[in-house]
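The values are calculated or read from the model by the stated rules, or taken from the named source; none is laboratory data. None of these values were measured; they are calculated from a predicted model. Cβ sites come from the backbone with ideal geometry, for glycine too, and all protein chains shown count toward neighbours. Just so you know, the surface numbers come from the protein's heavy atoms only, side chains and all, with ligands and any DNA or RNA stripped out. Shrake-Rupley method; radii C 1.70, N 1.55, O 1.52, S 1.80 Å.
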Amino acid sequence: MPRRELLLEDADTRDLTKLAGYEAIGGYASLRKALDMERQAVLAELLDANVRGRGGAGFPMGRKASFLPHPDDTPKPIYLVANADESEPGTFKDREILLRVPHLFVEGVVIAAYTIGSGHAFIYLRGEYLAEFEVVTAALEEARAAGYLGKNVLGSGWDLTVVVHRGAGAYICGEETGLLESLEGRRGQPRTKPPFPAISGLYASPTLINNVETLATVPKILELGGKKYARIGVENSAGTRVFSLSGNVVNGGNYELELGTTLRELIDEIGGGIPDGRELKAIIPGGSSVPVLTAAEVDTPLDFDSMAQAGTMLGSGAVIVIDDRCCMVQLGLRVAQFYMHESCGKCTPCREGTRWMVQLLRKIEEGEATQGELDVLLNVCDRILGNCLCPLGDAAAMPVASYVAKFRDEFQRHIDEGACPFGGESSLAGVLAPVDQHDAHLRSQIEVPGIRAERESLTEAHG
Amino acid sequence: MVRVTIDGQEVLAPKGQGLVETAASVGIEIPVFCYEPRLGPPVGACRMCLCEVEGLPKLQAACTLTATDGLVLRTARTSEQAAGGQSAILEFILLNHPLDCPDCDKGGECPLQDLTFRFGPGSTRMQFPKRTFDKPIPISPLIALDRERCILCYRCTRFSESVSEDGQLVAANRGAQSIIATFEDEPYRAHFSGNVLELCPVGALTSTTYRFRARPWEIQNVPTVCGLCPVGCNVWATTREGKVARILSRNHPEVHEGWLCDKGRFAYDHLRAEDRLRTPLVRVRRRGFEEASHEAALDAAEAGLRAAGSSVVVAFSGGETVEQATALARIVREGLGSDAALLPDDWDAALDAFRAPLSAIRDADVCLILGDDPVVERAPVVDLWLRAARRAEAEVIAVNPAGDVQAAPGSAAQVCADLREGKKVPTELRETAKSLKSAKRVALVWSEDDPTGGRHVGALANELHENGRAEVAVYVLPRTPNGRGVATAWYTVGEGRSDPPGEGEIGALVVSGDEAASDPRVADLAARASFVLTTAMFQSELTAWSHVVLPGTSYLEREGTYVNLEGRPQRLRRAVVPFGPDELEWLAQLAERFGVAIDPWAAPTAAEQADLPPADEFAWSRPDPQAPPGKPAGPGLELVRIGALFSGAAVERIPQLQFQRPAAEVELAHEDASTRGIAPGEAVVVTSNGTSRELRAGLNRKLRVGVVRIPAEHAKDFGDRVQVSRLSTGESR
């Protein structure tokens, strides 16, 4: 399938971070077009485009927007929230969009807000994204000065305020209800659903929450027209996605591809294959939370349905390539440690289960585990799955269960040999796990220049 | 009504009812830990209630679901999937729980223990060291926290956040390291902190006053009513070996919804205070007090009263039971022929037209709070009802020196008159008048002493009902626990009441109880009385003035009836036996000597169960009350005394409650502090009536300019106006 760039079109050849550059390629034309249309007509285009959410769950964006009440039917304000708390391991596509085509994203925010009749949009930005924060705020200021947002947007009589809120470093705040809690100034923990945010979201008001990439797609949909957009990609997976390619691959990076491109095309043709003449062993196709694919499944197309058929998910579009040096038990331990560290602690199975998983995996990796404990591990995964308040618990249990299912012999060898068969030669050996990274960071007081300046100004401001 | 199927059984349930309740209505238990409807919307945190819902692939937290037509629910009894989920959750909950049931205070009355025995695994698959924390952590002198036992159901933090709204209990850290903590590690100092002890479904929060004192199988729980404030919360008095060991709440949904204040929960041990009066005392000329037999004390009392003729004054405490007050009133009226009495609370019967249960506050559109006393100090649980009303989107307007409308001290009667007037409403009350006018349901709360027995607020209620067509509920907060009952008893026995003579000698003064004994008006009368007969639990300045002192009893030691602020008669039951005869018994014996026959046994009637009549009969026939003139202005700042909840004879005798007592602080308006150059927290000198005292300055941005507030116990001997100044630098160094 040919490469097709929509969102990142021209981003390699021009500077699109400035308004002038973006306008030169026809930027904000979609917004003008939208403002000339009825809200319902814009929504119809989104429904026609059948664009599915790019954050991970893949819920159709147009349908989600259609769940919100009409502004005349509710006494409450309607909010739009852009989820820019990108933190799924392996995922770095939103930062690419924010850094290189910030105006496209801003335009998407404004159009989406107009579509649902919202006067207030919030951008919840991952706290560690300092450069992205600066680029996006600069773009917002330019757009505001040019009348694309703020009071009386392009003379339409409609007002829109956009607020950028920076997170404080919690993966769970990327979960939509945890994000809303955090945005309201509370402890970032998910809420029970229903009620869904479309009915009772931010400040108990109707709220549409969309991922950065989803929102950045909106201007393109209006530009092409919903029906035409729907023809890009394959059935049930319309459009393009920005895939974050990482791991044991020659040319890691973000690549925008039409949905339906196979993993092999992405890894071998675009990514340049596996370095150092190693063998492909496994692929994580959609961020660390999805079940793994083996080398034999490398011809699976990157679209929602094909991935589901293969027993995994397209997730956040983060493709992690794993070569034959990697110990799958270590990988499982790393993944489980991440989710244990990021578990919010609200619901029992996730809080207790992820910690137990880490304990069991560590014991297996150290060669101390009994046969029974491998069964316990699988059973713990099974007992977490589907029993949690939000998807975080599943995100830990699903991949680990899949590593055992697809690489059981490797786990078995750890038990039989009483030691890790990779004997310290694993590609993960010596790489700090997130929990330990966190502790090491606290111990060493690593100073990142921008962060330090910011910390100092904060200290001054608060005395 | 909707039709729900639970475990194959069809149930008719009100639409929107929680499924835990729906299942319970047909005898099916859905086990829960975090679910507690009194804490607000369900959170679905513990996952213990996982059930299968037809049409949904995943198990659902039943506590977060409500009854909808056609819903088919399968609990662990009939669904293998649900049983699997439930057993998984219990295993996870117990994973790091210490299982120290043999030495845990909750053992035997622990929901986690009960559910584990019924649904849990018999052994553990956990082979790793359990998570440990430092323990127990004293989060206040009253509460110990064991973080290892905690299962993070967040009931305590939800109580703190959305019931008492003190915001002091929080969750810190995250994931497996999540802990319950107090905000900034400050002690949990709040009026209602003890409720978290009962909310905790495990032994993580235990009370320092009950820890290691008793086991569930060696205690008896006596159902009675708290006698420390006019709310009359229903309680269980837990007794062990004839002593009260703790107080638990007994949920009366109309009165207190199961919440108790810390005074009601923790002050019980004053029963066993060292300095309690145990034997009658009789004053003997030149030798001071001598212990006397009961008979000898009654002889002395009879002699003293006979010598006084009809020149007798009786001072009530408001803590007497209705039966006790009736007996004393009959002795004074029928036996001695006097009608001079000091009543702590007066009561206008016409207010009965606006009687409503306290829970009606939550349903009001507008709640108006009048009077200088903070509601939480006078009748604590009423404050929780007002907060509940505000959460239910009612408009709650406090009109007092530190309220939403900053009225002058002592102006509540005038405010009622102004709001009644309707036309020339003063500017600051205009918004309030508008809100009242448009309200359909109004709750009026009067929170200060009112010699007219609530007639001012009653007249306002009448106006709102007659002309505004609103449903009105009036809550006049008495100063004392049974002030309403005592006043009713006094007027039931005879006609009218005369005030004690303003000057001159008095034949005899009968002081009934410790609160009367600490009343300055009573001290003044005692100085003029030839004979003083006092009943009290503790020695005081006044017992020293007395001629005969009879040991008093506590509300936990008596049978009888209390009438709470709603006018609801409630039965007190004797939790523990006092060491001597109680008041009713010796009053009966004394009465006999004056030819009055009194039954020494309280016989509470079925009135305890009486329904509250709907407020549909309005008989406001008395002339409208005249608002008293405002106090004259003068130099300095106007003083408002706060009668703090955590004060009085009982609280003073509980070491663990001392941290709750009011600080030696003077509250100043921001402007008054800045003109005097006073910074918050600074030591200042407060002077009035020739008395000077050093207090700490507290700033209150809501306080009316020209007014200061000082807890009553730190404002002794002050007049109505005070001078506040900084400590001069020389003194403070």
TODO: Run through all the Cα pairs of the protein assembly as shown and give the fraction in each 10 Å bin from 0, expressed as whole percent.
DONE: 2, 8, 14, 18, 18, 14, 11, 8, 5, 2, 1, 0
Open item on the list: Probe radius 1.4 Å, ligands and nucleic acids ignored: give me the carbon and sulfur share of the accessible area of chain A as a rounded percent.
Closed with: 51
Open item on the list: Filter A:18/A:220; A:193/A:363; A:193/A:220 down to the pairs with a C-alpha to C-alpha distance above 25 Å, please.
Closed with: A:193/A:363; A:193/A:220
Task: Accessible area buried at the A-B interface, both sides summed, 1.4 Å probe (Å², nearest 100) - done: 2900
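Quantify, in whole percent, the carbon and sulfur part of the accessible surface of chain B (1.4 Å probe; protein heavy atoms only).
On the way: 15090 of 30660 Å².
Ligands and nucleic acids excluded, carbon and sulfur give 49 percent.
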Open item on the list: What is the angle, in °, between the Cα long axis of helix A:449-461 and the longest principal axis of the Cα atoms in chain A? Nearest 10 is fine, range 0 to 90.
Closed with: 60
Task: Solvent exposure, largest accessible area first (probe 1.4 Å, DNA, RNA and ligands not counted), of B:128, B:33 - done: B:128, B:33
Task: Approximate spin-label separation residue B:530-residue B:186, in nm, with each point projected 7 Å along Cα-to-Cβ - done: 5.8
Task: For segment B:529-582 and segment B:628-689, distance of Cα centres in Å - done: 30
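Which order do A:193, B:58, A:346 take by accessible area at a 1.4 Å probe, largest first? List each step's numbers first, then the result.
Values: A:193 75, B:58 100, A:346 25 Å².
These residues rank, largest area first, as B:58, A:193, A:346.
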Task: Charge tally in the Cβ shell below 15 Å around residue B:489, where Lys, Arg are +1 and Asp, Glu are -1, residue B:489 excluded - done: -4
Task: Those residues of segment B:85-130 for which accessible area with every protein chain present is at least 50 Å² below the isolated value (1.4 Å probe) - done: B:92, B:125, B:128
Open item on the list: Can you return the aspartates and glutamates within cross-link range of residue B:58? Criterion is Cα-Cα under 18 Å, with same-chain partners fewer than 8 residues away left out.
Closed with: A:382, A:394, B:7, B:80
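For segment B:349-476, what does the accessible surface come to per residue with a 1.4 Å probe? Please give it in Å². Walk me through the numbers on the way to the answer.
Details: 4880 Å² over 128 residues.
Ligands and nucleic acids excluded, the result is 38 Å² per residue.
Can you quote the Å³ per residue value for the convex hull of the Cα atoms in segment A:98-215, rounded to an integer?
Values: hull volume 11.6 nm³, N = 118.
With only Cα atoms used, segment A:98-215 gives 98 Å³ per residue.
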- [ ] For every other residue with a beta carbon closer than 10 angstrom to the beta carbon of residue B:601, add +1 if it is Lys or Arg and -1 if Asp or Glu, then tell me the sum.
- [x] -4
Task: Filtered chymotrypsin sites (Phe, Trp or Tyr not before Pro), segment B:183-220: DSSP coil and at most 13 other beta carbons within 10 Å - done: B:212
Task: Rounded to the nearest 10 Å², the accessible area of residue B:695 at probe 1.4 Å - done: 10
Open item on the list: I'd like the distance between the alpha-carbon centres of segment B:69-135 and segment B:180-228, rounded to an integer number of Å.
Closed with: 23
Open item on the list: As I understand it, the dipole of the protein assembly as shown uses +1 on the Cβ of Lys and Arg and -1 on the Cβ of Asp and Glu, about the Cα centre. Which of A:156, A:345, B:403 lies farthest toward its positive end?
Closed with: B:403
TODO: Note the angle between two axes, namely the Cα long axis of helix B:412-421 and the longest principal axis of the Cα atoms of chain B, as a number of degrees from 0 to 90, rounded to the nearest 10.
DONE: 80
Task: Cut-off under 5 Å, modelled amide H: who pairs with residue B:317 long-range - done: B:512, B:516
Task: Heavy atoms of residue A:37: accessible area, 1.4 Å probe, square angstrom to 10 - done: 40
Task: Probe 1.4 Å, accessible area per residue of segment A:19-231, Å² - done: 37
Task: Given A:64/B:15; A:33/A:151; A:33/A:228; A:33/A:227; A:93/A:346, the pairs whose alpha carbons are separated by over 24 Å - done: A:64/B:15; A:93/A:346
- [ ] Tabulate in residue order the Karplus-calculated ³J(HN,Hα) for segment A:404-413, using 6.51 cos²θ - 1.76 cosθ + 1.60 with θ = phi - 60°, rounded to whole Hz; enter x for Gly and Pro.
- [x] 5, 5, 8, 10, 4, 4, 5, 4, 4, 5
TODO: Could you tell me which GluC sites (Glu not before Pro) in segment A:1-86 are loop residues by DSSP with no more than 11 other beta carbons within 10 angstrom of their beta carbon?
DONE: A:38
Open item on the list: Using helices alone, I'd like the mean residue ellipticity at 222 nm for the protein assembly as shown: each DSSP H run of four-plus residues gives -39500 (n - 2.57), total over residue count, nearest 500.
Closed with: -9000 deg cm²/dmol
Task: Backbone HN-Hα couplings from phi across segment B:674-689 [Karplus 6.51/-1.76/1.60, Hz, Gly and Pro as x] - done: 6, 5, 9, x, 9, 9, x, x, 6, 7, 10, 9, 10, 10, 6, 6
TODO: Equivalent ellipsoid semi-axes for segment B:383-471, as square roots of 5 times the alpha carbon gyration tensor eigenvalues: give them largest first, rounded to whole Å.
DONE: 18, 17, 14
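Report the relative contact order of segment B:129-272, percent, no decimals, based on alpha-carbon pairs under 8 angstrom and at least 6 residues apart. Please report the intermediate quantities before stating the final value.
On the way: 239 pairs, mean separation 26.8, N = 144.
Computed value for segment B:129-272: 19 percent relative contact order.
Taking K and R as +1 and D and E as -1, what net charge do the other residues with C-beta under 13 Å from the C-beta of residue B:528 add up to? The partial results should precede the final answer.
On the way: positive: B:521; negative: B:503, B:505, B:524.
Neighbour charge sum, excluding residue B:528 itself: -2.
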Open item on the list: Taking every DSSP beta bridge with both residues inside chain B, roughly what % is antiparallel (nearest 5)?
Closed with: 55
- [ ] With everything on Cα atoms, drop me the angle between helix A:371-384 and the longest principal axis of chain A, reported from 0 to 90° to the nearest 10.
- [x] 20
Task: Residue-wise HN-Hα coupling along segment A:322-339, computed from phi with Karplus coefficients 6.51, -1.76, 1.60 (Hz; x: Gly, Pro) - done: 10, 9, 6, 7, 8, 7, 5, 5, 4, 4, x, 5, 4, 5, 5, 4, 4, 6
Open item on the list: 5 Å is the cut-off here: which amide hydrogens, built 1.01 Å from N in the peptide plane, fall below it relative to residue B:402, excluding neighbours closer than 5 in sequence?
Closed with: B:704
TODO: Report, for segment A:19-231, the % of DSSP beta bridges that are antiparallel, rounded to 5.
DONE: 10
TODO: Would you mind pulling out the separation of the Cα centroids of segment B:283-302 and segment A:366-388, in Å?
DONE: 80
